[in-house]
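Read the structure below first, then the notes.
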Amino acid sequence: MTDRRLSNSTRQALPASVAIPGYDRDSVVPGIVHLGVGAFHRAHQAAYVDDCLAAGETDWGIVGVSLRSADTRDALGPQDGLYTLAVRSSDGESLRVVGSILSMLVAPQDPGAVLAALTDPRTRIVTLTITEKAYLRAAGGELDKTHPDIVHDLANPQIPRTAQGFLAESLARRRAAGSHPFTVLCCDNLPANGATLHRLLVEFAALRNSDLARHIADEVAFPSSMVDRIVPATTDADRARISGQLGVEDAWPVMTEPFCQWVIEDDFPAGRPAWEKFGVTMVGDVGPFEDMKLRLLNGSHSAIAYLGLLSGYETVDRAFADPAIRQFVDGLWAEAIPTLPKDAGLDTADYTAQLAKRYSNTALAHRTAQIANDGSQKLPQRIVASAMERLSAGAPPAYLMLVVAAWIAACEARGEALPEHHFTDPLDAALAALDTRHLSAKETATAVFDLAGFAKGGAERLTLIDLAAAHLERLRQGGVAAAFAALGIGNEKP
Ligand code: CS2
């Protein structure tokens with residue numbers, strides 16, 4: 001390690017094996033404001049934009065905004081926004097310094113500066129990776145109007161806290177100033193993510209005034225997109241290793257896999273970078289890609305996380321190497337695949353084969369506990385949606401519902417077989433109040449479905465609860481082996 005930092009002035013002296021931005025960063029103007037400048041954004045959208053800038057585009061520098069903590073700004077500020085992207089596989093590790101993030105803001109410290117960036121007429125696109133829970137949806141999917149941050153933002157529009165508050169206020173200011181609205185590009189793992197954010201923002205704006213709500217409903221574009229790249233959290237060992245290789249310190253490098261995919265609906269009235277030149281697929285309807293990714297990748301990821309945690313595996317590759325878990329994932333895919341659109345040309349066999357390869361990447365050390373976070377926000381679109389569709393088509397979603405039961409069992413295992421805060425969930429306080437370990441499996445499944453809004457209002461709700469409860473009972477009595485045995489996994493006969 002060294003006391004010199006990665007920065008504009010030290011980047012030229014990096015070893016030749018490290019790719020560096022070859023363009024003049026000073027001539028790049030900010031055209032994108034990104035909300036939620038975490039590791040995923042830095043491994044994905046920022047890398048694609050970096051490719052565009054390297055090809056000579058100058059309009060699309062990124063202003064990175066953290067809606068909560070100052071950690072990323074504090075790490076990258078002294079580095080002029082530069083950081084290393086480490087692409088890891090069994091073939092080794094390749095390093096690239098990304099230069100597309102021009103500046104960074106921390107919303108709680110300076111909401112006015114964030115509004116100024118969003119209102120700047122040069123800003124033509126606002127991208128978001130704020131995670132599922134930051135959309136502040138109530139159990140039925142509508143905006144949670146009672147959430148303290150929403151209540152705050154409605155009362156104090158000049159100093160917002162939420163994405164909705166920032167977007168609504170800046171769109172109102174742009175409209176008043178006569179400048180065109182920016183395009184909002186949601187990059188979170190939500191179904192119909194653009195349309196979902198559009199709906200939530202219109203709901204929010206309507207609580208401010210109906211004129212603003214109409215403006216946002218009619219005149220602001222919200223293309224949906226599907227983003228995909230596996231990004232394990234950076235560890236101190238990663239920091240030390242990368243800094244050693246660079247010869248200067250990088251306080252927050254980002255680890256990722258070789259695979260990278262971005263599919264975007266091509267609806268950018270205010271213009272966009274030529275992403276299609278760098279591997280991005282521009283489409284009219286992202287729905288089929290999104291469903292395939294949420295249900296096959298994210299669904300199996302959550303399965304591997306909860307079943308892996310209950311089986312004592314710390315990383316995805318270790319869990320996936322367990323033949324029983326592998327067999328379970330195949331069964332899960334077999335249940336989810338028939339729910340995907342038939343006529344969209346999806347190649348699910350190739351997709352799942354690629355997933356199996358990606359999950360076997362031993363160089364990633366992607367922690368099961370990382371994926372386990374926020375299950376209540378993730379399982380509806382990853383698991384419950386497929387389960388409801390399977391059931392209404394007359395096929396029992398036995399594998400799918402074991403994932404829900406495993407989530408409940410993993411929550412119950414915290415403070416016992418697992419460390420107390422091994423992973424977290426926005427429902428933790430409510431789950432603790434229920435104290436489900438003293439309830440029967442059926443009572444537990446019923447209460448958890450209600451809390452999380454799983455299958456809310458659906459005719460399938462009671463059957464799904466029964467399936468989840470039966471799995472939970474077996475998990476409680478005999479662990480993962482017992483639950484698998486009931487599915488015929490790990491023994492000859494079901
Ligand atoms: C993961 C995703 O943490 C999780 O819930 O399933 O972050 C996953 O790694 C990405 O969506 C891959 O694109």
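The values are calculated or read from the model by the stated rules, or taken from the named source; none is laboratory data. Computed from a prediction, not measured in an experiment: that's the story for all the values here. Glycine also receives a Cβ, built like all others from the backbone with ideal geometry; neighbour counts cover every protein chain displayed.
Give me the residue from the range 52-61 that is in contact (Cβ under 8 Å) with a residue 40 or more places away in the chain and touching a Gly at 6+ places or on another chain (Cβ under 8 Å) and, out of that set, surrounded by the fewest Cβ atoms within 10 Å (Cβ to Cβ). Top of the filtered list is D59. Within the range 427-441, residues that are farther than 16 Å from A138 by Cα sit with their Cβ atoms under 8 Å from residues that are part of a helix (DSSP H, G or I) and of a type in the set (S, T, N, Q), at 6+ positions apart or across chains, in these pairs: L434/T444; T436/T444.
Here the range 103-140 is the region considered, the condition is being out of contact with any Leu (no Cβ under 9 Å at 6 or more places or on another chain) and at pLDDT below 95, and the residue that is surrounded by the fewest Cβ atoms within 10 Å (Cβ to Cβ) is G140. Taking the range 209-233 as the range and being within 16 Å of the ligand (Cβ to nearest atom) and under 19 Å from P269 (Cα atoms) as the test, the residues that pass are S224, S225. No other residue among M282, M292 is part of a strand (DSSP E or B) and not polar (S, T, N, Q) apart from M282.
On the stretch given as the range 326-338, residues that are surrounded by fewer than 21 Cβ atoms within 10 Å (Cβ to Cβ) and either β-branched (V, I, T) or over 15 Å from L487 (Cβ atoms) (or both) total 2. Residues satisfying the criterion are absent from the range 374-397 (criterion: of a type in the set (V, I, T), over 17 Å from V329 (Cα atoms) and at pLDDT 95 or above).
Put simply, of S100, S94, S90, S69 the only residue that is polar (S, T, N, Q), surrounded by fewer than 20 Cβ atoms within 10 Å (Cβ to Cβ), within 22 Å of the chain's Cα centre (by Cα) and under 20 Å from V231 (Cβ atoms) is S69. Checked against (1) among the hydroxyl-bearing types (S, T, Y); (2) closer than 19 Å to T362 by Cα; (3) more than 16 Å from the ligand (Cβ to nearest atom), S243 meets all criteria but (2). Selection over the range 285-305 of residues that are among the acidic types (D, E), touching an Asp or Glu at 6+ places or on another chain (Cβ under 9 Å) and within 12 Å of the ligand (Cβ to nearest atom) gives a count of 0.
Being surrounded by 13 or more Cβ atoms within 10 Å (Cβ to Cβ), assigned by TED's automatic domain parsing to the domain that holds E412 and under 30 Å from the mean Cα position of the chain (by Cα) holds for only one residue in D450, D435, and it is D450.
Taking the criterion of being within 16 Å of the ligand (Cβ to nearest atom) and aliphatic (A, V, I, L, M), the residues of the range 401-413 that qualify are V403, V404, A406, A410.
Within the range 20-47, the set of residues being aromatic (F, W, Y) and within 24 Å of A134 (Cα to Cα) comprises just one member, F40.
For D250, the conditions (1) surrounded by fewer than 23 Cβ atoms within 10 Å (Cβ to Cβ); (2) assigned by TED's automatic domain parsing to the domain that holds L128; (3) not β-branched (V, I, T) all hold with the exception of (1).
Matching residues to (1) free of Cβ contacts under 8 Å to residues at least 12 places away in the same chain; (2) closer than 27 Å to I32 by Cβ; (3) of a type in the set (G, A, S):
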| residue | (1), (2), (3) |
| --- | --- |
| P148 | yes, no, no |
| A155 | yes, no, yes |
| T162 | no, yes, no |
| R173 | no, yes, no |
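The single condition among (1) surrounded by 22 or more Cβ atoms within 10 Å (Cβ to Cβ); (2) within 16 Å of the ligand (Cβ to nearest atom); (3) closer than 13 Å to L309 by Cβ that L379 does not satisfy is (3). One residue alone among Q79, Q45 is buried (at least 20 other Cβ atoms within 10 Å of the Cβ) and in contact with a Cys (Cβ under 7 Å, 6 or more places away or on another chain), and that residue is Q45. Within the range 467-474, one or more residues are out of contact with any His (no Cβ under 8 Å at 6 or more places or on another chain) and either more than 17 Å from V384 (Cα to Cα) or outside the structural domain of A305 (by TED's automatic domain parsing) (or both). Mind counting the residues in the range 328-346 that are under 20 Å from A409 (Cα atoms) and of a type in the set (S, T, N, Q)? Count: 0. For the range 382-400, the set of residues classified as of a type in the set (K, R) and either within 16 Å of the ligand (Cβ to nearest atom) or without any contact (Cβ under 8 Å) to a residue 24 or more places away in the chain (or both) consists of R382 only.
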